[in-house]
Amino acid sequence: MSNPAFISLSRVSKSYDGAQYVVDDLNLDVSKGEFLSLLGPSGSGKTTTLMMLAGFETPTHGEIRLDGRRLDDKPPHQRDIGMVFQNYALFPHLTIAENVAFPLSVRHVSRAEQKARVKRALDMIELPHLANRRPAQLSGGQQQRVALARALVFEPSVVLMDEPLGALDKRLRETMQYEIMRLHRELSLTIVYVTHDQAEALTMSDRVAVFSDGRIQQAATPSELYENAQNAFVANFVGENNGLTGRVVTAGEGWATLALSDGSVIRGRCEHGLRAGDDAMLALRPERAHIPSAEGTQASTRADEHNNVVRARVEERVYCGDHHRVHLKLGSRDSIVVKVPNTQRHALPSPGSTIEIAWRHDDCKILAMTAPRSAPAMPVSAPPSPSIITTAPAGAN
Ligand SMILES: Nc1ncnc2c1ncn2[C@@H]1O[C@H](COP(=O)(O)OP(=O)(O)OP(=O)(O)O)[C@@H](O)[C@H]1O
Ligand SMILES: [Mg+2]
């Protein structure tokens, strides 16, 4: 990345119990104005990472810098960081205007200035008419907008969001996603956004850091993650994947061949370090595989210098409107799904028939299997981490 790091986490680890790291040797740079998402399964350390950035938790090891200055010793309200949590966490006894004014009053901003800024913030979220209501009198989406206004009102340089749309229904979620993207653009905010929803991460972010077991598996742009996953975890977690397993036959110079369970050998891109004899996974997106006989194209069905071709038995066809999903069986063990665009030009193969599936070598990757990693034990001598201020609003997870 060309921009210097604005937020920098360097070798950051966190243990709550002195026995296991839930964040493990994390290195991550975020540039100014970037929208970075932390994406990963439950328990992978996303919230813990955000809490360390916000100052509600301290790292057990490592350091965090904002604009070149160490953050670790600063309490949350001195960090120039706004936060939005999943459950709004508005103060129920305060009005909407008072809620939005809260970060200003703890920062001793003058009354007149508070009033002007609260008005601007409520205008921004298009709710100025609700200023005197209490949170319970607002819908979920409106409350989440207020939470957003409260995080932005003191003009922080960084906004952290922890699953801010998790409690909203699908339609409202999408509206709020655009709202947040608009604010990010218009206010040139730096946003670190936690979600376990990969579609949300891919559509909103400049870059996504994929977490598993307290580690970043890959941090890259959405298209890079989708097209060029670096390991099996990322390929399976981001987007839909046909993860057929097999054994590496040859590997070198960015290309490998893989023997699948039915004996067919396919070719694809690979990462450095893969070796002949390794167990590996084919990463193939369902829309990159083709059923030439169903498309009526002149596409080659021969395995050649560009194409892989395998034979498979059709198990099921599912109509999905704009496409069909064809479920197939390769040999006796492996299942494979092919997405066929619905052009209505050609008949799909019938269940029970055996057909050829083709895909380009450069449309698939052969990835090392990442063995499930148990969380590492801490060195015996490491002291338990002190429990730090937990002034996060109720509902922060
Ligand atoms: N205050 C705490 N004390 C002890 N353990 C904790 C604490 N907070 C989190 N953990 C543990 O740390 C690990 C990481 O939790 P974290 O909340 O960071 O995960 P997450 O990625 O945000 O998950 P989710 O998607 O479910 O919110 C989990 O195993 C969790 O049980
Ligand atoms: Mg969480």
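Would you check which residues across region 1-42 are within 16 Å of ligand 1 (Cβ to nearest atom) and charged (D, E, K, R) and list them?
So in region 1-42, the residues within 16 Å of ligand 1 (Cβ to nearest atom) come out as 9, 12-26, 28, 36-42.
Answer for region 1-42, where residues must be within 16 Å of ligand 1 (Cβ to nearest atom) and charged (D, E, K, R): Lys14, Asp17, Asp24, Asp25.
Taking Gly40, is it open to solvent by less than 20 Å² (accessible area, probe 1.4 Å) and within 21 Å of the chain's Cα centre (by Cα)?
So Gly40 fits the description; yes.
Return yes when Ile216 is modelled with pLDDT of 95 or more, open to solvent by 40 Å² or more (accessible area, probe 1.4 Å) and touching a strand residue (DSSP E or B) at 6+ places or on another chain (Cβ under 7 Å) and no when it is not. Quick ask: steps written out before the conclusion?
Working: modelled with pLDDT of 95 or more: yes; open to solvent by 40 Å² or more (accessible area, probe 1.4 Å): yes; touching a strand residue (DSSP E or B) at 6+ places or on another chain (Cβ under 7 Å): yes.
Yes: the conditions hold for Ile216.
When the criteria are applied in full, Asp206 fails the requirement of being surrounded by fewer than 18 Cβ atoms within 10 Å (Cβ to Cβ), within 16 Å of ligand 2 (Cβ to nearest atom) and under 30 Å from Leu36 (Cβ atoms). The condition of being within 22 Å of Arg207 (Cβ to Cβ) and over 25 Å from the mean Cα position of the chain (by Cα) holds for only one of Gly68, Gly62, that being Gly68.
Answer with yes or no whether Ser223 is among the hydroxyl-bearing types (Ser, Thr, Tyr), on the phi > 0 side of the Ramachandran plot and surrounded by fewer than 16 Cβ atoms within 10 Å (Cβ to Cβ).
Values: among the hydroxyl-bearing types (Ser, Thr, Tyr): yes; on the phi > 0 side of the Ramachandran plot: no; surrounded by fewer than 16 Cβ atoms within 10 Å (Cβ to Cβ): yes.
Here the answer is no, as Ser223 does not meet what is asked.
For region 15-32, what are the residues that are surrounded by fewer than 23 Cβ atoms within 10 Å (Cβ to Cβ) and either within 16 Å of ligand 2 (Cβ to nearest atom) or assigned to a strand (DSSP E or B) (or both)? Hits for region 15-32 are Tyr16, Gln20, Val22, Asp24, Asp25, Asn27, Leu28, Asp29, Ser31.
Does Arg117 count as loosely packed, with under 14 Cβ neighbours inside 10 Å, under 30 Å from Ser31 (Cβ atoms) and without any contact (Cβ under 8 Å) to a residue 40 or more places away in the chain?
Values: loosely packed, with under 14 Cβ neighbours inside 10 Å: no; under 30 Å from Ser31 (Cβ atoms): yes; without any contact (Cβ under 8 Å) to a residue 40 or more places away in the chain: yes.
Against the criterion (loosely packed, with under 14 Cβ neighbours inside 10 Å, under 30 Å from Ser31 (Cβ atoms) and without any contact (Cβ under 8 Å) to a residue 40 or more places away in the chain), Arg117 does not qualify.
Take Glu155 and tell me if it is acidic (Asp, Glu) and not in a loop (DSSP other than H, G, I, E, B). Working first, answer last.
Details: acidic (Asp, Glu): yes; not in a loop (DSSP other than H, G, I, E, B): no.
When the stated conditions are applied, Glu155 does not pass them.
Checking the structure you have, find out if any residue of region 43-63 is open to solvent by less than 70 Å² (accessible area, probe 1.4 Å) and more than 16 Å from ligand 1 (Cβ to nearest atom). Yes, because at least one residue in region 43-63 is open to solvent by less than 70 Å² (accessible area, probe 1.4 Å) and more than 16 Å from ligand 1 (Cβ to nearest atom). Filtering region 159-196 to residues that are within 16 Å of ligand 2 (Cβ to nearest atom), open to solvent by less than 50 Å² (accessible area, probe 1.4 Å) and not hydroxyl-bearing (Ser, Thr, Tyr) leaves Leu160, Met161, Asp162, Glu163, Pro164, Leu165, Gly166, Val192, Val194. Looking across region 171-200 at every residue that is within 16 Å of ligand 1 (Cβ to nearest atom) and not in a helix (DSSP H, G or I), the one that is farthest from Ser139 (Cα to Cα) is identified as Val192. On the stretch given as region 101-123, residues that are of a type in the set (Ser, Thr, Tyr) and either part of a helix (DSSP H, G or I) or within 17 Å of Arg134 (Cα to Cα) (or both) total 1.
The values are calculated or read from the model by the stated rules, or taken from the named source; none is laboratory data. All values reported here derive from a predicted model rather than from experimental measurement. Don't worry about glycine lacking a Cβ; one is built from the backbone with ideal geometry, like all the others, and counts go over all protein chains shown. We work out accessible area using only protein heavy atoms, side chains counted, and drop any ligands, DNA or RNA first. Shrake-Rupley method; radii C 1.70, N 1.55, O 1.52, S 1.80 Å.
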